[in-house]
Protein chains: 2
Amino acid sequence: MSQTAQPPVTRSDANTAALENLFAVEPRLVGVAPAIDAVAGMRRDLILTSGPSLPFPAYTGGQRDGLLGAAIYEGFATDRAGAERAFERGEVTVAGCQTLGVVGSLAGVTTASMPVLVVEDPHTGARAYCTLYEGDTADRLNYGTYTDATRVNLDFLRDRVGPALDRAVHSHGGVPLKPIIQRALTMGDELHSRNTAATTLFTRALLPAITKTNGDDAGTLADYLSGGDYFFLRLAMAAAKVMADGMRGFGGSSLVTSMAFSCKEFGIQVAGLGDSWICGPLPTFESVRLYPGFTESDIEFMGGESVITEVVGLGGVAQAAALPLQRSSGGNAATMIARTVQMYQICAGEHPDLRIPALDYRGTPVGFDVHRIAATGIAPYLDIGIAGVGGGQIGGGVARAPLEPFLRAAEELTHLTKERNA
Amino acid sequence: MSQTAQPPVTRSDANTAALENLFAVEPRLVGVAPAIDAVAGMRRDLILTSGPSLPFPAYTGGQRDGLLGAAIYEGFATDRAGAERAFERGEVTVAGCQTLGVVGSLAGVTTASMPVLVVEDPHTGARAYCTLYEGDTADRLNYGTYTDATRVNLDFLRDRVGPALDRAVHSHGGVPLKPIIQRALTMGDELHSRNTAATTLFTRALLPAITKTNGDDAGTLADYLSGGDYFFLRLAMAAAKVMADGMRGFGGSSLVTSMAFSCKEFGIQVAGLGDSWICGPLPTFESVRLYPGFTESDIEFMGGESVITEVVGLGGVAQAAALPLQRSSGGNAATMIARTVQMYQICAGEHPDLRIPALDYRGTPVGFDVHRIAATGIAPYLDIGIAGVGGGQIGGGVARAPLEPFLRAAEELTHLTKERNA
């Protein structure tokens, strides 16, 4: 058996190479700029949103509300009816965030004027982008709510927070994100549903730069960065997108390079299958913790691309690092540890830099292998924020990705391999 | 049995009341001031140091070196020989830190001009004090090293950091410490050997105030607070001292109200035995991690009062909250969790506010009961920094307190009870 000739590139080799490329990425925040300036291909009349692209009429509920609000915010209409007409007439168009290297949180609505975090891998120049956290307010466009308060807050992010953060980041010479992510994993974060440590570590890292900026900027950033615990999620997402993109282009690899969902469907991309989305039904919850007064019938899927964190060994696969989440997503310490342990069965590797103290510093499971998922029937865990019917966040939970797209991708890969070998 | 008359105050009642009083303390940083101004009873010619007071000649090694350096720093001499003469002639005197409500880190050398953190319980006005973290430098007086670099650093703390921090704290209206401690316990800290989360949380809490101070102060604080992870230990110690003092005055209580050691001996105080120290031999290490190049023969005890954190349910008894410490103190996740679980056997209660995610948010074990320790033969765990022969930190480790003083205290309490009942 040991003398059997091997084909030049096996699936295992391709997966290993893809993971090595992911591990080599050193994501760095290099600036904050309006999407129109930062994102190649962005247009004034384009609105991005979470999930594989759909035609406008397919967007319903909170995700549709978010798109309509965005069209009003960008001046294409003054009310909902006008905004719907603008989409129908093609005066404004919609596309999935990841068509342009953006990742969207929840509905993920991203317009030309919105400031985006620009994250770059200095080794390759590869970039990814994500909008800024809207704060602890109930009036958040990414949770499907567009009110006067939403607009005022978006203006504040565009006119004050974005420029101030950009100046501080430049004065600091950029901010390396992997050391913060690495450290936060030892401090109760899994960098998806929990970003408390990463947000505070980022703030402290930037503190000398903040104190050197002008007084107005310093005050703005002090209030914004000390006002909540979720700021870093957007950085974790953009960093994860750059890392995940490192796995692209490895023909024959069965590793998942992206995951995302809209209000209608959940999609994955796989290294060996190029950039096409393979879609299936929405995720299902295994455990939820809803805010008082809400029930599971209030849950609405409005899209989400923060599941890019799971693709690179964070979030739902790293729950053993974030035991405090038992209070906001359900479960206890033992179940959270067991979830991470299960994920090793469907992942091709363990992250050499991102490690979990509760598992004696074992690396996080990383690299969803569609063949392993097909063989075991085990779907990836996803830690996700939960939106409610009518808008706003109503809780958090632990979901499972649907098995279907992984099974289909495994079949397609097998088919491709047979064709090549025929 | 249920009809048996009870004496008005049982030991159990006294212990419960003592713990309730500890739980009610809300430690708050209210300012930073030179010890001579802040600490009642402080004198220009007094130098405080860790552990039950000893006559000057009894201090040896690094603790003696620290005292001599302090005497030179305060101008009582210009060299070691002169400093020794100053102590011998009584021109300068030495006393245990806790005689004045101060707690000392390692050698704990505290002089009149040094700035101290002033921590107060607003309900009672009770206060405790601790000097400022000297930074990551090798030249630290509290590790027995006095060089030009030590002096320059102490000057900087006295002239710049202390006053800047005092202004920021006042501008902020004081800083409540219990919420930070509570949160840090969910982020990998046990608040003795690990204070990374608490230091960053404190920094972020103070950020708005820092940006409002003048530019010089802001820069000084930004550099000082973002330059290391141990700043908060001194706050945790002063907060623990105020909390632990809440247990004093409960006659009949068998709970430990303080622990401290010098280079010569380890002492405890017990609620039912007043303010006298009951002493025994120095702690022994169960697990150590030394910096490269050092062996266990290099370890030197130079004193330490940071074990006040263990008295209030932090540090060695809360290792299950600080799994990252396995890298700096030894052990693995399972042994660290087992250590906390064992401590419940010798503690009278569980802290209602300070809870551990890895134990499904069970409260930390709190209130060492000398009778339980005597009955089980289990001594308290202590997470301590390790000093080396010749000065400087050489590592960290997990130690056990000596059993002797707890056994003796249990005997004395039993004797007292018999006398009262006779």
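The values are calculated or read from the model by the stated rules, or taken from the named source; none is laboratory data. Note that the coordinates shown come from a computational prediction; the quantities given were computed from them, not determined experimentally. Please note: Cβ atoms are built from the backbone with ideal geometry, for glycine as well, and neighbour counts cover all protein chains shown.
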Yes or no: segment A:80-93 includes at least one residue that is surrounded by fewer than 20 Cβ atoms within 10 Å (Cβ to Cβ) and either of a type in the set (F, W, Y) or under 23 Å from A:L235 (Cα atoms) (or both).
no
Cβ pairs under 9 Å, 6+ apart or interchain, first in segment B:279-295 and assigned by TED's automatic domain parsing to the domain that holds B:A399 and among the acidic types (D, E), second assigned to a loop (DSSP other than H, G, I, E, B) and surrounded by 18 or more Cβ atoms within 10 Å (Cβ to Cβ), ordered by first then second residue, are B:E286/B:G330; B:E286/B:G331
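Going by what's in this entry, would B:L273 be described as among the aliphatic types (A, V, I, L, M), surrounded by fewer than 24 Cβ atoms within 10 Å (Cβ to Cβ) and closer than 17 Å to B:E412 by Cβ?
Numbers: among the aliphatic types (A, V, I, L, M): yes; surrounded by fewer than 24 Cβ atoms within 10 Å (Cβ to Cβ): yes; closer than 17 Å to B:E412 by Cβ: yes.
Yes.
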The one condition B:S193 fails out of (1) facing another protein chain (nearest Cβ under 7 Å); (2) surrounded by 24 or more Cβ atoms within 10 Å (Cβ to Cβ) is (1)
Condition set in a loop (DSSP other than H, G, I, E, B) and among the hydrophobic types (A, V, I, L, M, F, W, C), scope segment A:97-109, selection nearest to the chain's Cα centre (by Cα): answer is A:V103
Per the filter on segment A:167-182, residues assigned to a helix (DSSP H, G or I) and either of a type in the set (V, I, T) or surrounded by 20 or more Cβ atoms within 10 Å (Cβ to Cβ) (or both) are A:A168, A:V169, A:I180, A:I181
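Conditions (1) touching a Leu at 6+ places or on another chain (Cβ under 7 Å); (2) more than 22 Å from A:R28 (Cα to Cα), marked per residue:
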{"position": "A:V116", "(1), (2)": "no, no"}
{"position": "A:D136", "(1), (2)": "no, yes"}
{"position": "A:L141", "(1), (2)": "yes, yes"}
{"position": "A:R151", "(1), (2)": "no, yes"}
{"position": "A:G162", "(1), (2)": "yes, no"}
{"position": "A:P179", "(1), (2)": "no, no"}
{"position": "A:D189", "(1), (2)": "no, no"}
Going through (1) within 11 Å of chain A (Cβ to nearest Cβ); (2) modelled with pLDDT of 95 or more one by one, B:R327 fails only at (2)
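Regarding B:M336, is this residue in the same structural domain as B:V256 (by TED's automatic domain parsing), at pLDDT 95 or above and surrounded by fewer than 24 Cβ atoms within 10 Å (Cβ to Cβ)?
Numbers: in the same structural domain as B:V256 (by TED's automatic domain parsing): yes; at pLDDT 95 or above: yes; surrounded by fewer than 24 Cβ atoms within 10 Å (Cβ to Cβ): no.
Spelling it out, it is not the case that B:M336 is in the same structural domain as B:V256 (by TED's automatic domain parsing), at pLDDT 95 or above and surrounded by fewer than 24 Cβ atoms within 10 Å (Cβ to Cβ).
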The lone condition B:P352 fails out of (1) surrounded by fewer than 20 Cβ atoms within 10 Å (Cβ to Cβ); (2) more than 25 Å from B:G251 (Cβ to Cβ) is (2)
Restricting attention to segment A:114-154, the residues that are in a loop (DSSP other than H, G, I, E, B) and either out of contact with any Gly (no Cβ under 9 Å at 6 or more places or on another chain) or closer than 17 Å to A:M302 by Cα (or both) number exactly 11
Of (1) outside the structural domain of B:G108 (by TED's automatic domain parsing); (2) farther than 19 Å from B:I346 by Cα; (3) not polar (S, T, N, Q), B:L225 satisfies every one except (1)
Meets criteria (crowded, with 20+ Cβ neighbours inside 10 Å and farther than 30 Å from A:H351 by Cβ) for A:G69: yes
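Can you give me the number of residues within segment B:356-396 that are within 14 Å of chain A (Cβ to nearest Cβ) and surrounded by fewer than 20 Cβ atoms within 10 Å (Cβ to Cβ)?
First pass over segment B:356-396, keeping only residues within 14 Å of chain A (Cβ to nearest Cβ): B:356-362.
Filter once more, so that each one left must be surrounded by fewer than 20 Cβ atoms within 10 Å (Cβ to Cβ): B:360-362.
Final tally of qualifying residues: 3.
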Looking across segment A:218-258 at residues that are in a loop (DSSP other than H, G, I, E, B) and within 14 Å of chain B (Cβ to nearest Cβ), the single one that is surrounded by the fewest Cβ atoms within 10 Å (Cβ to Cβ) is A:G227
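Is it the case that A:G162 is within 10 Å of another protein chain (Cβ to nearest Cβ), within 21 Å of the chain's Cα centre (by Cα) and either surrounded by 24 or more Cβ atoms within 10 Å (Cβ to Cβ) or in contact (Cβ under 8 Å) with a residue 12 or more places away in the chain (or both)? Before you say what the answer is, go through the steps one by one.
Numbers: within 10 Å of another protein chain (Cβ to nearest Cβ): no; within 21 Å of the chain's Cα centre (by Cα): yes; either surrounded by 24 or more Cβ atoms within 10 Å (Cβ to Cβ) or in contact (Cβ under 8 Å) with a residue 12 or more places away in the chain (or both): yes.
Criteria not met by A:G162.
In this structure, is A:D353 away from chain B (no Cβ under 14 Å) and either more than 22 Å from A:F261 (Cβ to Cβ) or basic (K, R) (or both)? Full working, then the answer.
On the way: away from chain B (no Cβ under 14 Å): yes; either more than 22 Å from A:F261 (Cβ to Cβ) or basic (K, R) (or both): yes.
Yes; evaluated as a whole, the condition is true for this residue.
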